[in-house]
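The values are calculated or read from the model by the stated rules, or taken from the named source; none is laboratory data. Nothing here was measured: the structure is a model prediction, and the numbers come from that model. All Cβ positions, even for glycine, are placed from backbone atoms using ideal geometry, and neighbour counts span all protein chains on display. Only protein heavy atoms, including side chains, enter the accessible area calculation; ligands, DNA and RNA are left aside. Shrake-Rupley method; radii C 1.70, N 1.55, O 1.52, S 1.80 Å.
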Amino acid sequence: MTQRLVRVCVIGAGLAGLCCALAAASRGMRVQLLDEAAEPRALAAHIEVVPSMLRDLVALGIGDDCVRAGFPYRGIDVIDRYGRHLHELPTERLAGPRFPAALGIRHDELHRLLERAALHRGVALRRAARAQAVHQHAGVARVDIDGGEAVEADFVVLAVGAGSELPLTLFPHARPASELPQSWWYALLPRPVDLDRPLIAYGDAGHRAVLVPVRHDQAGLLLTEPGVAPEGIAPAEHLRRALATFAPRLRALKPRLDEHTPITLRPARSALLQMPWYRGAVLAVGDCAHALPPHFGQAAAQAVEDARVLADLLDGATGCAELFDAFERRRAERVRRVYDLTTTAARWDLQPDSSADLNRLMEGLAQTVAQPA
Ligand SMILES: Cc1cc2nc3c(=O)[nH]c(=O)nc-3n(C[C@H](O)[C@H](O)[C@H](O)COP(=O)(O)OP(=O)(O)OC[C@H]3O[C@@H](n4cnc5c(N)ncnc54)[C@H](O)[C@@H]3O)c2cc1C
């Protein structure tokens, strides 16, 4: 690595930013990580750490922490609205013999352990630090923070997610992510004792539920339905009513949902930043480069994959131009393919199509992401 790439400023301490900060600090770089939020986001939700994502978390050195904090599993059951078992989706063991195939984990737990690992490797994290603008001059990037302060760096990793306006100011071809007309509800519930791997269940048209064990005593419920969330009804009551159209195993969850149940409603966004994903000394990663429809756990997996590829390339990096060019060569085609597959799944959700073959789509996706990026 030349003198030029010593200081990095990562903007955004979500999954993508935390993993990139961890990757750069592990390669000996001086890392400043900024986030506008004063506190880590404690979302009542789970994340499915799919096989390719676990492989990348292991490569970033935090596989054991994830396994300890989550609920390892192998295989996924799929049932119809009457409870009939339709099939089992395989989960390939990609992270090596010492690790499980996949795991369920709480959203806040994963962020907490990533933050802890990043701090441990020397990342300087500043919260309540909103990046306002990035200027570039003579090979140095300067990030202006609200309040008049600034951070200088040899390069900037922009990991501000899908909702920020900052990428629009830096990338002339960037467009705001479009919101899918679909509601994604998450809730954390006591784990049913017989749930030892995820269960995907179909309800009325366009309704799907996924129940994922996240701890020995807790499970994450994800309920997807068409349209925007109704107003004037308490979230727990809405979820209880929605579960009435599902199989008995899902209906049995209704008494576990009350006004104390932690529930998150998440907008499903979709956007793919036109290439190049870099400008001068700024590289866009995670949801601000590719906000994927949340199907098949690939939104999070592709964010972690960005960090994994960056980690590989930092080892031999001689300057921003080569680094970012090599990054794009390894990421562009793959992310485009995953984006196409997840967008097709989202379209089928919204406009049911009798010729749709979700299993084939999932097989194609599994084959794509099984190869390391
Ligand atoms: C409730 C929930 C559940 C999810 N579950 C799954 C799942 O099961 N599977 C899956 O694949 N994906 C899931 N996702 C999506 C997945 O978490 C994201 O795709 C992934 O985290 C990548 O996000 P990111 O780091 O790019 O952006 P984000 O997570 O949005 O993080 C962006 C960060 O940037 C900060 N920021 C924004 N603007 C600025 C600024 N100007 N200055 C400083 N900081 C700024 C924000 O505060 C935030 O912390 C879920 C998301 C949510 C919200």
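This table checks each residue for (1) over 15 Å from the mean Cα position of the chain (by Cα); (2) open to solvent by 10 Å² or more (accessible area, probe 1.4 Å); (3) small (Gly, Ala, Ser).
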{"position": "Arg4", "(1), (2), (3)": "yes, yes, no"}
{"position": "Val8", "(1), (2), (3)": "yes, no, no"}
{"position": "Cys19", "(1), (2), (3)": "no, no, no"}
{"position": "Leu22", "(1), (2), (3)": "yes, no, no"}
{"position": "Arg27", "(1), (2), (3)": "yes, yes, no"}
{"position": "Pro40", "(1), (2), (3)": "yes, yes, no"}
{"position": "Ala45", "(1), (2), (3)": "no, no, yes"}
{"position": "Val58", "(1), (2), (3)": "yes, yes, no"}
{"position": "Gly63", "(1), (2), (3)": "yes, no, yes"}
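Looking at (1) within 30 Å of Asp144 (Cα to Cα); (2) within 15 Å of the ligand (Cβ to nearest atom); (3) touching a helix residue (DSSP H, G or I) at 6+ places or on another chain (Cβ under 9 Å), which is the one condition that is false for Ala37?
Single failed check for Ala37: (3).
Select, from Arg269, Arg249, Arg256, the only residue that is over 26 Å from Ile79 (Cβ atoms), crowded, with 16+ Cβ neighbours inside 10 Å and basic (Lys, Arg).
Matching residue, one of Arg269, Arg249, Arg256: Arg269.
Confirm whether Cys19 is outside any helix (DSSP H, G or I), within 14 Å of Ala118 (Cα to Cα), within 11 Å of the ligand (Cβ to nearest atom) and in contact (Cβ under 8 Å) with a residue 60 or more places away in the chain.
So Cys19 fails the test.
Of the conditions (1) more than 14 Å from the ligand (Cβ to nearest atom); (2) of a type in the set (A, V, I, L, M); (3) out of contact with any helix residue (DSSP H, G or I) (no Cβ under 7 Å at 6 or more places or on another chain); (4) within 25 Å of Thr261 (Cβ to Cβ), Ile76 fails just one. Which one is it?
Checking Ile76 against (1) more than 14 Å from the ligand (Cβ to nearest atom); (2) of a type in the set (A, V, I, L, M); (3) out of contact with any helix residue (DSSP H, G or I) (no Cβ under 7 Å at 6 or more places or on another chain); (4) within 25 Å of Thr261 (Cβ to Cβ), the one that fails is (1).
Of all residues in the stretch 212-221, count the ones that are without any contact (Cβ under 8 Å) to a residue 40 or more places away in the chain and open to solvent by 60 Å² or more (accessible area, probe 1.4 Å).
Within the stretch 212-221, residues that are without any contact (Cβ under 8 Å) to a residue 40 or more places away in the chain and open to solvent by 60 Å² or more (accessible area, probe 1.4 Å) number 1.
What strands (runs of 3 or more DSSP E) completely inside the stretch 89-198 contain at least 3 residues that are within 13 Å of the ligand (Cβ to nearest atom) and of a type outside the set (Lys, Arg)?
The qualifying strands (runs of 3 or more DSSP E) are 102-106, 131-137, 140-145, 155-158, 178-190.
Does Ala345 meet the test of being touching an Asp or Glu at 6+ places or on another chain (Cβ under 9 Å) and assigned to a helix (DSSP H, G or I)?
Judged against the criteria, Ala345 is not a match.
So Gly161 passes all but one of these: (1) of a type outside the set (A, V, I, L, M); (2) out of contact with any helix residue (DSSP H, G or I) (no Cβ under 9 Å at 6 or more places or on another chain); (3) under 23 Å from Leu314 (Cβ atoms). Which condition number does it fail?
Every condition holds for Gly161 apart from (2).
Kindly provide the set of residues from the stretch 179-202 that are farther than 19 Å from Leu43 by Cβ, out of contact with any Leu (no Cβ under 9 Å at 6 or more places or on another chain) and not hydrophobic (A, V, I, L, M, F, W, C), ordered by number.
Correct list: Asp194, Asp196, Arg197.
Under the condition of being within 9 Å of the ligand (Cβ to nearest atom) and part of a loop (DSSP other than H, G, I, E, B), which residue from the stretch 268-302 is modelled with the lowest pLDDT?
Step by step, filter the stretch 268-302, then rank; the result is Pro294.
Does Leu189 satisfy the condition of being surrounded by 15 or more Cβ atoms within 10 Å (Cβ to Cβ) and over 30 Å from Gln218 (Cα atoms)?
Considered against the rule, which asks whether it is surrounded by 15 or more Cβ atoms within 10 Å (Cβ to Cβ) and over 30 Å from Gln218 (Cα atoms), Leu189 comes out as no.
Test Glu48 against the stated conditions and say whether it is of a type in the set (Asp, Glu), modelled with pLDDT of 95 or more and out of contact with any Ser or Thr (no Cβ under 8 Å at 6 or more places or on another chain).
The answer is yes for Glu48.
Kindly provide the set of residues from the stretch 233-260 that are part of a loop (DSSP other than H, G, I, E, B), touching a residue at least 24 places away in the same chain (Cβ under 8 Å) and more than 28 Å from the chain's Cα centre (by Cα), ordered by number.
Scanning the stretch 233-260 gives Thr245, Ala247, Ala252.
Filter the stretch 303-344 down to the residues that are in contact with a strand residue (DSSP E or B) (Cβ under 6 Å, 6 or more places away or on another chain) and either within 13 Å of the ligand (Cβ to nearest atom) or open to solvent by 30 Å² or more (accessible area, probe 1.4 Å) (or both) and list them by number.
Listed by number, the residues that qualify are Val335, Tyr339.
Only one residue in Pro72, Pro97 is free of Cβ contacts under 8 Å to residues at least 24 places away in the same chain and either open to solvent by 20 Å² or more (accessible area, probe 1.4 Å) or charged (D, E, K, R) (or both). Which one?
Pro97
Is it true that Ser52 is within 15 Å of the chain's Cα centre (by Cα) and either among the hydroxyl-bearing types (Ser, Thr, Tyr) or more than 16 Å from the ligand (Cβ to nearest atom) (or both)?
Here the answer is yes, as Ser52 does meet what is asked.
Every residue in the stretch 222-238 that is under 13 Å from Leu257 (Cβ atoms), away from the ligand (no atom under 16 Å from the Cβ) and open to solvent by less than 30 Å² (accessible area, probe 1.4 Å), please.
Once the filter is applied, which keeps residues that are under 13 Å from Leu257 (Cβ atoms), away from the ligand (no atom under 16 Å from the Cβ) and open to solvent by less than 30 Å² (accessible area, probe 1.4 Å), the stretch 222-238 yields Ala236, His238.
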